[in-house]
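What follows is a short report on a single structure.
The values are calculated or read from the model by the stated rules, or taken from the named source; none is laboratory data. The shown structure was predicted, so the numbers you read here are calculated from the model rather than taken from an experiment. For neighbour counting, all protein chains shown are included, and Cβ atoms are generated from backbone atoms with ideal geometry for every residue, glycine included. Quick note on the areas: whole protein, heavy atoms, side chains included, nothing else; ligands and nucleic acids left out. Shrake-Rupley method; radii C 1.70, N 1.55, O 1.52, S 1.80 Å.
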Amino acid sequence: MQLQLDDSLVSFRDGLRSYIGHNRPSIPRLPGSRSPQPEDMAEFKAWCAGLFDNGFVGFDWPEEWGGTGVPDPLKDYVVDLELADAGVPRPVGAFNLIARALLEFGADEQKAFYLPRIRSFTDMWCQLFSEPDAGSDLAALRTRAELVGDEWVITGQKVWTTHGHLSDFGFLLARTDQTVSKHAGISAFIIDMHSPGIDVRPLREVTGATDFNEVFFDSVRIPRDNIIGSPGQGWEITRSALAHERALSLREDSVVDSAARLLELVQRSRADGTVPLSGDDVSRRLGELTARARVTDLLGMEGVLRAATGTSGPVDAAIVKVVFSETNLALATFGVELQGADGIIAGPASRVDDGHWQEAYLWARGFTISAGSNEIMRNLIAENGLGLPREPRPERSK
Amino acid sequence: MPMDLEERDEFRAVCRDFFAKRAPVDRLRRYLVEGSDFDDDLWSALVEQGWALLAVPENLDGGGGGLADLVVVAEEAGRALQGAPLVTTIAGTFVLARYGVLESHPEVLESIVAGATVTYPMGFDPTSLGERTNSAHLVADARPGSYLLVPSDSGLDLVLVDAMTKTSAVETMDLVRSFSDVGFDSSVVVASIDDRQAAIDLFTTAVVMQAAESLGVARAAFDMTLAYSKERKQFDRTIGSFQAIKHRLADMYIELQCATAAVAGAAESIDNGSEVLESIHTAKSVGGRAASWVTSQAQQVHGGIGFTWEHVLHLYIRRAKANELLLGSPAWHERALVEALAGEPVS
Ligand SMILES: Cc1cc2nc3c(=O)[nH]c(=O)nc-3n(C[C@H](O)[C@H](O)[C@H](O)COP(=O)(O)OP(=O)(O)OC[C@H]3O[C@@H](n4cnc5c(N)ncnc54)[C@H](O)[C@@H]3O)c2cc1C
C-alpha cells in the first residue's frame, strides 16, 4: 500500500532521506503534537529551521517569502512519512496556521517581521482559541480586546493551549465588539507570550504529562498593529487558515504501524507459555482492526491525491479525522486488553513494550476531541456533505 | 487497457445510466411476487451491448478491463440489485482469461460471446477446498448452458452445465439471486486448470467483485434513506434534522467511503499483483461488514414502512447479508489477514 511516486518525488524523497541521515537530531520524536521537553527546545527549533531552510517544509510559500510558490500535497505527504519512518521530530505548534493567516490577511510590516522568523523557527507558536465556555461553540468566546490609545488591552482566559508553556508568540482570538452577532465580533491577534499580565499555568492531562495549559490575561497590553486584518475579521481569518491545515494526525501516528506492532505483540508468549495469537477471538479482532487501519491509510492516500488534483470533497478531511481517531483508539484499547490482568501494569514495570499501550490508551482520546470533536465532525458531514438541515444555532450578541 | 481516472468516471456514468433505464427499482417488485429468478431480458441486453465481455482480453475482441475497471460495473450492478448474472460472468471470465482458457478453448469464448453465463460456487473459501469433486454447493444462477467453475485443491474444473446436470434449487434469504447445488458427470468437464493457484485466483477475484457489488447495494440503500430523511416529517420537522438521525447517516456515509477505498485498493492490488491477500481480506472485512450495517441502519431510519414486504429495502438487506456470509465471512477474512501478515497459520 504505497503511493506511486514519480521521478521528481523520488528524488525529493531521496534528498530528504540523505538530509535526515546527515542531520539527525538527538532529541526523540514524540507522538502526535506532544510538546518537546523544555531542555530540548533549542535543538528542536534548529531542526525545524533546517527543514524550512532546505525546502522540505514551507516550500509552498510565495517566492518572495522564501518558498517556491507551488503547493504540493504529495510532497507534504512524503515529508510526513519520511520523518515518521526515520523517527525524527516533525515541526509542531501553530506556525503553519499563523503563516497562512499572515500570507492571506497580514499587513506588509507583519509579514516582513514574522514570516522570516517563522522560517528560521526562532519562535514557538501556540493557538489561543478555546476557552472554558467556548469549545465546540468557539464563536462564543469571551476574552476581550479593547483598544485603549495605541494598544489593545486583553482580558480573559484561554484553555487547552498546547505548547503554551513553551511559546514565544500566540495566535489569539478575542472579542472586540460586544454589540454585533457572535461571529462578527471576533478579531485575530498576534500576542507576545512574554508580555506582562500573561499567566501560563500548565495543566496535567490524562497521561499525567503536560502538553497543554490554561492561559490568563490580566489587562495585557499589545501594540495596536498586532491585529491581523481588520476588527471583526477574526472568524473569517481563522476559517481560512484552518482550511489550509491538513488532516495531519494520521501521518503523525500511523495506525498501520500500530497494527503491525500489535501483531508482533500477540506472537510473543505470555508468562504461562501461551501465545495470544493462537486464540480465535484474538486473531479475528486483530484482523478487523488491521483491516480498519489499512483502510484509514487508503483514505488518507486518496485524500492526498484528491488534494493534489484539486478534487477534494467538502467533508473528506472530516471523514479521515473520524476514521483515524477512532481506529487509533480501538487499536490502543486492544493493546491493553490483550494483556489481561497484567494490562493494568503501567510504565516501565509493564513487561510489554515499556507500558506503551497503557499510555497510548489514554493519549489516543485527545484525537477524538481536539481539532473539532468527532460529534462536530459528524454534524459537518451530515450538513455539508449530505445536505441535511443545520443544527439550531442561536445567535448570541455577547 | 486499464482506464485512467477520468475515463473510469465516465464509464461509471454509462453503467449507472444503463441500469437506471434497463433495471429501474420498480423492476425489483417482481421478486416480491415471484421470488428469485434469472432476468433473461436484462441479460440479453447486457450481452448485446458487450457488458458481459468486459473481462475478455482485447486481443480476443473483448473489453480487456482490469479489475479496477470491472469493480465499477459490479458496484453499479449491485446498486441496481438486478437479476442478471453479470458479476459472476465477469469474474469467472476474468479468471478464465488469466489462465488462457479462452484461447485454448475457442468454443468456450464463442459461447460466452453468444450469451453463455459463467458462475461458481459461493459457499467456499480456500481453507474449505478439498479433493476434486463432481459437485458444487451454493452455485449462483446455474442453468443449462452456463459454465461452472469448480474449485478444488487441485485447481479449477470448467463444467458446462447441461440438461443432464443435476441442479437442485436452494431457497436462500437472497430473493433476487438464485442458488442451487449442482452435481455433474465428469463428461461435462470441458477444461481443467491443474494449479491450486487458479482456485485461489477465482476466490480473490470473486471476493473483490462481491465486495464491490455489496458496496453498490449499500449505496442504493443509503441514497434511499437519505432521501427519505429529507422528506419524512415528525414533530413538525424532517426526521433528517434530528441529530440522532444525522449522525447515523454520517456514520453510514463514513462506512461507504471506507468500503469504497477498500474495494478500489483490493482491485488495484490484484491488477498489480502486490499484497493481494492482505487487500482482499481488508476489502471483505470492511466492505462486508459495512454493507450489512448500512442496510440495517437504512431500515431503522425508514421506521415501520421499511419493515413491510412491499418496500424493496429488504431485498437490499438480504443481498448484503448473503454476500457478507458467502465467499468467507468477515471473521474468516480477518483471521486470514492476520495469517497472511504473520506469514504462518495462527491456530
Ligand atoms: C489534546 C488537546 C489539545 C488541544 N489543543 C488546543 C490548542 O492548542 N488550542 C486551542 O485553542 N484549543 C485546543 N484544544 C481544545 C479543543 O479544540 C476543544 O477541546 C474542543 O473544541 C472541544 O471543546 P470542549 O473541550 O469545550 O468540549 P465541549 O464543546 O464542551 O464538548 C463536550 C461534548 O459535547 C459534544 N458537543 C458539543 N457541541 C455539540 C453539538 N453541537 N452536537 C453534538 N455534540 C456536541 C462534544 O462533541 C463533546 O463530546 C485541545 C484539546 C485537546 C483534547
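The rows are residues; the columns are (1) open to solvent by 10 Å² or more (accessible area, probe 1.4 Å); (2) more than 15 Å from the ligand (Cβ to nearest atom).
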site: A:L141; (1), (2): no, no
site: A:G156; (1), (2): yes, no
site: A:H163; (1), (2): no, no
site: A:L166; (1), (2): yes, no
site: A:D225; (1), (2): yes, yes
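From the list A:T290, A:T309, A:T296, pick out the single residue that is within 10 Å of chain B (Cβ to nearest Cβ), out of contact with any helix residue (DSSP H, G or I) (no Cβ under 7 Å at 6 or more places or on another chain) and without any contact (Cβ under 8 Å) to a residue 60 or more places away in the chain.
A:T309
Need the failing condition index for B:A191 against (1) small (G, A, S); (2) open to solvent by less than 30 Å² (accessible area, probe 1.4 Å); (3) in a helix (DSSP H, G or I), just the number.
Just one mismatch for B:A191, condition (3).
Out of A:V206, A:V153, A:V159, report the one residue that is hydrophobic (A, V, I, L, M, F, W, C) and not in a strand (DSSP E or B).
So the residue among A:V206, A:V153, A:V159 that is hydrophobic (A, V, I, L, M, F, W, C) and not in a strand (DSSP E or B) is A:V206.
Would you check if there is a residue in the stretch A:372-384 being under 22 Å from the mean Cα position of the chain (by Cα), modelled with pLDDT under 90 and within 11 Å of the ligand (Cβ to nearest atom)?
No, the stretch A:372-384 has no match at all.
Go through the stretch A:44-72 and report how many residues are among the small types (G, A, S) and within 18 Å of the chain's Cα centre (by Cα).
Number satisfying all stated conditions: 1.
Within the stretch A:250-287, how many residues turn out to be more than 9 Å from every other protein chain (Cβ to nearest Cβ) and outside any loop (DSSP other than H, G, I, E, B)?
13
Among the helices (runs of 4 or more DSSP H) contained in the stretch B:264-347, which hold 1 or more residues that are more than 9 Å from chain A (Cβ to nearest Cβ), among the aliphatic types (A, V, I, L, M) and over 20 Å from B:D69 (Cα atoms)?
Filter on the stretch B:264-347 gives B:289-302, B:313-325, B:330-342.
Of the conditions (1) open to solvent by 40 Å² or more (accessible area, probe 1.4 Å); (2) away from chain B (no Cβ under 14 Å); (3) at negative phi, A:G234 satisfies every one except a single condition; which number is it?
(1)
Among the listed residues A:G170, A:G197, A:G185, which satisfies the condition of being farther than 29 Å from A:T122 by Cβ and either open to solvent by less than 40 Å² (accessible area, probe 1.4 Å) or at pLDDT 95 or above (or both)?
Of the residues listed, the single one that is farther than 29 Å from A:T122 by Cβ and either open to solvent by less than 40 Å² (accessible area, probe 1.4 Å) or at pLDDT 95 or above (or both) is A:G185.
Name the pairs whose Cβ atoms lie under 7 Å apart, with the first residue in the stretch A:118-139 and within 17 Å of A:T162 (Cα to Cα) and at pLDDT 95 or above, the second open to solvent by 60 Å² or more (accessible area, probe 1.4 Å) and not acidic (D, E), and 6 or more positions between them or separate chains?
Cβ pairs passing all conditions: A:D123/A:R117; A:S130/A:W160; A:E131/A:R142; A:A134/A:R142.
Could you grab me the full set of residues in the stretch A:120-139 that are surrounded by fewer than 21 Cβ atoms within 10 Å (Cβ to Cβ) and farther than 30 Å from A:T179 by Cβ?
Hits for the stretch A:120-139 are A:S120, A:T122, A:D123.
Residue check: is B:A250 in a helix (DSSP H, G or I) and either under 20 Å from B:G65 (Cβ atoms) or more than 16 Å from the ligand (Cβ to nearest atom) (or both)?
No.
With A:V336, A:V304, A:V322 as the choices, which residue is within 14 Å of another protein chain (Cβ to nearest Cβ), more than 16 Å from the ligand (Cβ to nearest atom), in contact (Cβ under 8 Å) with a residue 24 or more places away in the chain and in a helix (DSSP H, G or I)?
A:V304
Which residue, of B:T117, B:T89, is open to solvent by less than 20 Å² (accessible area, probe 1.4 Å) and without any contact (Cβ under 8 Å) to a residue 40 or more places away in the chain?
Only one candidate passes the filter, namely B:T89.
I want to confirm something. Restricting to the stretch A:347-369 and keeping residues that are open to solvent by less than 60 Å² (accessible area, probe 1.4 Å) and part of a loop (DSSP other than H, G, I, E, B), which single residue is farthest from the ligand (Cβ to nearest atom)?
Once the filter is applied, the top-ranked residue is A:V352.
Kindly provide the set of residues from the stretch A:19-61 that are closer than 25 Å to A:V255 by Cα, in a helix (DSSP H, G or I) and touching a helix residue (DSSP H, G or I) at 6+ places or on another chain (Cβ under 6 Å), ordered by number.
A:I20
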